[in-house]
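Here's the structure we're looking at; comments come further down.
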Amino acid sequence: MVKIGKNIVSVTDLAIGYESKTVAERINFELETGMLCGVVGINGIGKSTLLRTLGGFQPKLDGNIKLKGQNLEKYTSSTLSKELSVVLTEQPASKNLTAQELIALGRQPYTNWLGTLTKEDKQQIQASLDAFLLDKLRNNKCHELSDGQLQRVLVARAMAQDTSLILLDEPTTHLDLYHKVQILKMLQELAHNKQKTILFTTHEIELAIQLCDRILILDGKNHPFGDPCQLIEKKHFDRLFPSEMVQFDAKTGSFKVTK
Amino acid sequence: MQGTKTYRISFLFLILALLCSWLLNISSGSVSIPFTDTVSTLLGKTPEITSWEYIIREYRMPKAFTSILVGAGLSLSGLLMQTLFRNPLAGPFVLGISSGASLGAALLLMGTSLLAGYTSFTFLGDVSLAIAASIGSFLVLLIVMIVAQRIKDTMALLIIGLMFGSITSAIVSVLAYFSSAESLQRFIFWSFGSVGNLSMNQLILLGGIVFLGVLLSIISIKSLNAFLLGENYAQSLGVSLKKSRLTIIIATGVLAGGITAFAGPIAFVGLAVPHLTRQIFNTMEHKVLIPAVMLYGAILMLLCDTLAQLPNSASVLPINAITSLVGAPVVIWLLVRKRKMMF
C-alpha cells in the first residue's frame, strides 16, 4: 500500500510564464510524501515552464508555491538544494564524466568546500547506483552510455541528492517503450519505497494513468488535478486533444485515432 | 568521485619529469656548463669557473622559475576556461583574452608615449604593465562571458574570440603607426614572449599573481565540478552562479593577464595542456586536474624554453613561436585521433 504522509508541495493560484506573456494561470495542486505525479498536456501548454518555475529557475508571475510549508522564494540556493533536485531535458555539459562521478555530484549540497565524500555520501551513491541498476556501468563515461542508461544515471544523481521533492522534465523522451516503462517504474518505486515526492512532465499519458498516484492536466483552462481514475471518470482526458484527431477510451485508458 | 589515490603514481611521475626538465633547462644555455657542475652549483658548491655560478644563480634559475610559473598558470587558466565555457576549444588565446592583454600592454607601452606627447614621461613600472595587461584581458573576458550567455553556440563564441583578436591587432597597428620607434620596439619584443629578463622583484610579483590565481581556483573546485553538468544543474546543486562565475573569471583574468604582461602573449599552452593532461588523468575531477595541468604546463614550458635556447648558441628564439610549433600540432593530433574533442 502507498503510505501517504505529510504535505510537501502546495501550489495555489499559480500563474507562470514570462514578463511579456502568461503561459498558464490558476494552477492548483498539492502533493504529499511518497506521491508520484505526472504532468500532461499538449505541446506548448506550459509543462516545462511549470517545472522550471517549481525548480526555482524562473520567477512565478502570481500565486503561491509552498515547499514543506515555506514559500519557495524564501529558500536560498543552498537550502533549496537539500529539498529539491531536478532532472532536466538538457544533456550534462561534459560527457566525459563517469556514471559514478556524475552521481557523486548529487552529494554536493552535503559535502565540504572541497567536495570530499564522507562514508555516508558514498553509501548514498552506492544506493543510487543499485536502485537504478548501474553498478556495472559505474566506471563508464557518459558518452559511452545509451540514452536509457544516461537517463537512469541522471535520475540516480537526483536520488543521491536525497531531497524530499524531485522534479523531472520529460524523463521518457528518446526512449523506447521498454525503457520508458523501466524508468517510470523505477520512479514509482523511488516514490513509494523511499517516500520521495516526484513530479514529472510527460507525453506518455497512458503510462502515467497506470503508474501515477496523481495527474495534473494542463489544458489551458482549469487544469484538473487528481487521482487518474477520478480524472477518467470526470472525462478530463477526453478534452485533452482535439476530438477530430484522437479520442480517449475510458474503458482501456488509452487514446484511439478518430476514424 | 574517485579518490586521488589512483593517480599517485602518475603524480609521482609528473613531479620527477618536472625535476628532470628543470635540470635540463638549467644546464642548457648559451654558455656551455657541464651537467655535473650545474648540479654541484645547485647543491651549493662553487664550480670550477666562478662566472658559472653567477650565470646559474642570477640568470638561469629565475628563467626556469618563470617558465614554471608561466606554464603552470597559463595551463590552469585554460582549464578554468574550458570548464567555465564548457567548451573544449576554450583557452586564453582562442577566446581573445591574450589579445586583450596585448591591447592593454600596447596601450601602455605605445599609447603613453602618444598621450604624453613630448614630455619625457617614461615611467613604465612593472606593476603598471601587469595591471594594464590584466585589465585588458579581464575586459575581453567579461565581454566574451556576456556574449557567451546569449549565444550558446560553441562555434559562434570562438569566432567572436577570433574577431576580438583582429580588432585588437588592428588597434595595435594603428598605435604602432603613430608611436615612436623605441616604444614600438619594446612592444614587438614583448609580443615575442620571453621567460628570461625578469628581475627578482618581477619574479616575486609574478609568483604572487599566480599564487592568487591558484588560490581562487582552489576555492572554486566544487563549483567547477558542478559546472560540468551545466549551469542549471549547478544552480540546483546549491552553487551560487554569479559568485562562482565571477571568481573563476577573476582567477582566469589574473592568471592570463598577469602572465601575459610579464612573459608576453604565449600561445597554445592554455589550450593544449588540459587536453594533454586528460590523456593521462582520465578524470574530470578538478581536485586532480588542477595540480595535474599545472605540473604538465610547467614541464611543457621548461622544455619549450630549453628548445628556444638553442643549446650552446647565443641566439634565443621567441618562446611564442616555439609553443605554437609544439602546441598547434598537438591540438591537430588530438582532433584527428579522437575525431571529436571531448571535454
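The values are calculated or read from the model by the stated rules, or taken from the named source; none is laboratory data. The model shown is predicted, which means the values in this text are computed figures rather than measured ones. Here the Cβ is made from the backbone with ideal geometry for all residues, glycine too, and neighbour counts use every protein chain on show. Please note that ligands, DNA and RNA were not included when accessible areas were found on the heavy atoms of the full protein model with its side chains. Shrake-Rupley method; radii C 1.70, N 1.55, O 1.52, S 1.80 Å.
Remarks
- When the criteria are applied in full, A:Glu83 fails the requirement of being closer than 20 Å to A:Ser128 by Cα and at the interface with chain B (Cβ under 8 Å from one of its Cβ atoms).
- Residue match in the stretch A:123-134 (condition: facing chain B (nearest Cβ under 9 Å) and in contact (Cβ under 8 Å) with a residue 40 or more places away in the chain): no
- Qualifying position, being of a type in the set (Asp, Glu) and within 12 Å of chain B (Cβ to nearest Cβ), among A:Glu189, A:Glu144: A:Glu144
- The residue list A:Gly56, A:Gly38, A:Gly44 contains one member that is assigned by TED's automatic domain parsing to the domain that holds A:His223, in contact with a Phe, Trp or Tyr (Cβ under 9 Å, 6 or more places away or on another chain) and farther than 24 Å from A:Tyr110 by Cα, which is A:Gly38.
- Criterion (part of a helix (DSSP H, G or I), within 12 Å of chain A (Cβ to nearest Cβ) and either open to solvent by 10 Å² or more (accessible area, probe 1.4 Å) or touching a strand residue (DSSP E or B) at 6+ places or on another chain (Cβ under 6 Å) (or both)) met by exactly one of B:Ile250, B:Ile218: B:Ile218
- Among (1) part of a strand (DSSP E or B); (2) facing another protein chain (nearest Cβ under 9 Å); (3) not acidic (Asp, Glu), the one test that A:Ile166 misses: (2)
- Number of positions in the stretch B:15-37 that are open to solvent by less than 60 Å² (accessible area, probe 1.4 Å), under 29 Å from the mean Cα position of the chain (by Cα) and over 18 Å from B:Leu310 (Cα atoms): 2
- Extreme residue, least open to solvent (accessible area, probe 1.4 Å), among residues of the stretch A:233-259 that are assigned to a helix (DSSP H, G or I) and either touching a Phe, Trp or Tyr at 6+ places or on another chain (Cβ under 8 Å) or in contact (Cβ under 8 Å) with a residue 24 or more places away in the chain (or both): A:Phe237
Every residue, every condition in (1) out of contact with any helix residue (DSSP H, G or I) (no Cβ under 9 Å at 6 or more places or on another chain); (2) aromatic (Phe, Trp, Tyr); (3) closer than 20 Å to B:Ala226 by Cβ; (4) part of a helix (DSSP H, G or I), yes or no:
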| residue | (1), (2), (3), (4) |
| --- | --- |
| A:Leu102 | no, no, yes, yes |
| A:Trp113 | no, yes, yes, no |
| A:Ala127 | no, no, no, yes |
| A:Asn139 | no, no, no, no |
| A:Glu170 | no, no, no, no |
| A:Leu175 | no, no, no, no |
| A:His179 | no, no, no, yes |
| A:Leu184 | no, no, no, yes |
| A:Ala191 | yes, no, no, yes |
